[in-house]
Amino acid sequence: MNNRNLWLLALSQIFGFSTATVNVFLSGIIGSQLVSIKSFATLPPTIFIIGTATCTVFASYIMSKFGRKFGFISASIVSSLSSLLAAYSINVESFILFCISCLLMGMGLAFVHQYRFAATESVDKEKIPKAVSIILLAGILSAFIGLNIANLSKDLIIDHLYVGSYLSLACLAILPAILLTFFKNIDKSEENKSFQGRSYKELILQPRFLQAVVASAFAYAIMAFLMTATPISMHINDKFNLNETGIVLQWHIVGMFLPSLITGRLIQKYGHSIIMYCGIFFFLISFLIGYFDQTFLNYLISLIFLGMGWNFLFISGTSLLVIAYRPEEKYKAQGFNDLTVFSTQALGALSAGFLLDITSWQTINLICLPFLVIIAFVVA
């Protein structure tokens, strides 16, 4: 195992993923303050996800040409500058500029999501689930560091709420560029190589590949759908304060990443499909709890189980994916997988604000049930 690369990636995940945690926490709330049409409040977090989805194939292509190191460092710089743009847009109260900054931060996150693939290239085949788990586990620190700093610095600029949050985010987002100067590209021969191997159709027709993509994509779509709606439902509709909303999101992210301590071992012991079924079960618990009264405790428990379901499905899907393609197909397969995953995530996030506006928190939990059936069918 190339420990240096793996731990550099894990440390970079802590700071690089902070753009996601801060935007999930604040961008919908800021959107509701900058735009008069409340159903558009979740547009900034949705555009953030769209930026990730549209940049996935591009991120894979850039790294196939210039290597992982170049792509990761460049993305870190872009994310930091985009955070500064977000701070400026809040200062001048420009909804359009804020959306543009979210788009650019989302594009930077497309490269951060490739950390998990870079980690799998640093370990032996049998250790792939554990490597993915280590990268995702770093997200716990990202949640607590990112959200706490964003909350503590929100009043940094007098009379301009949340400007300080994004100034702080700019400082966090640049740290991976410093850390990854010590990263070593695994295989120089992989650079300057175009997408090769079988066609997309041939890849998709493989049962393992299809299972991996569907499990990851629908897990992300369901999670994004409910997670994007949570700050609006709690803080705007149900009048919970920002600290309570932040606590629920923090523990949701703990639910997303803490199980990574054991998920890799469980996959090795019981196989990918069994762990995917466990993820489906955790999602079901989340929906049922979310259907009851909208108390702080119900939000908290529901969002923790939502995170756990995502963890089991996403790590299983990722570790299954990397054994479903040939070495020369890795950039093509990874790019297609992430395009599918984050496109469905964007659709989930985009629909969250609209459906929450016309229905209720209980109803949008029930809407997720048919997607569990689809995941179970494909896994079976």
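The values are calculated or read from the model by the stated rules, or taken from the named source; none is laboratory data. The shown structure was predicted, so the numbers you read here are calculated from the model rather than taken from an experiment. Neighbour counts run over all protein chains shown; Cβ positions are idealised from the backbone, glycine included. Heavy atoms of the whole protein, side chains included, go into the accessibility calculation; ligands, DNA and RNA do not. Shrake-Rupley method; radii C 1.70, N 1.55, O 1.52, S 1.80 Å.
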- Message: Show me, for region 143-150, the HN-Hα J-couplings you get by feeding each phi into the Karplus relation (A = 6.51, B = -1.76, C = 1.60, θ = phi - 60°), rounded to Hz, glycine and proline as x.
- Response: 5, 6, 5, x, 5, 5, 5, 4
- Message: In whole percent, and with a 1.4 Å probe on the protein chains, what portion of the accessible area of the chain is carbon and sulfur?
- Response: 69 percent
- Query: Give or take rounding to whole Å, what are the principal axis extents of the alpha carbon atoms in region 304-380, in descending order?
  - Reply: 47, 23, 23
- Task: Using a 1.4 angstrom probe, figure out how much accessible area the chain has per residue, in square angstrom, rounded to the nearest whole.
- Result: 38 Å²
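Mind scanning Lys65/Lys130; Lys65/Lys184; Lys125/Lys269; Lys65/Lys201; Lys125/Lys332; Lys125/Lys201 and naming the pairs with a C-alpha gap bigger than 21 Å?
Values: Lys65/Lys130 28 Å; Lys65/Lys184 15 Å; Lys125/Lys269 15 Å; Lys65/Lys201 23 Å; Lys125/Lys332 19 Å; Lys125/Lys201 25 Å.
Pairs exceeding the cut-off: Lys65/Lys130; Lys65/Lys201; Lys125/Lys201.
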- Picking from Asn148, Asn91, Asn241, which is most flexible by a Gaussian network model of the chain using Cα springs under 10 Å? Asn241
- Query: Label Tyr200 and Ile358 with points 7 Å out from Cα along Cα→Cβ: what is the distance between them in nm?
  - Reply: 3.0 nm
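Grab the DSSP H runs of the chain that are 4 residues or longer, score each as -39,500 (n - 2.57), total them, divide by all residues and round the 222 nm result to the nearest 500 deg cm²/dmol.
That comes out to -26000 deg cm²/dmol.
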- Summing +1 for each Lys or Arg and -1 for each Asp or Glu, what net charge is found among the other residues whose Cβ lies under 11 Å from the Cβ of Tyr325? +2
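So for each of 197-206, 353-362 I average, over its residues, the number of other beta carbons within 10 Å; can you give me the resulting order with the highest mean first?
Final packing ranking: 353-362, 197-206.
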- Scalar couplings 3J(HN,Hα) for region 334-346 by Karplus 6.51 cos²θ - 1.76 cosθ + 1.60 (θ = phi - 60°), nearest whole Hz, x for Gly and Pro, are 5, x, 5, 4, 5, 4, 5, 4, 7, 6, 5, 4, 5
- Task: Output ³J(HN,Hα) for region 206-219: one whole-Hz value per residue in order, computed from phi by the Karplus curve 6.51 cos²θ - 1.76 cosθ + 1.60 with θ = phi - 60°, and x for Gly and Pro.
- Result: 6, x, 5, 5, 4, 4, 4, 5, 5, 4, 5, 5, 6, 4
- Any chance you could get the radius of gyration and Dmax over the Cα atoms of region 54-161, in Å? 16.6, 54
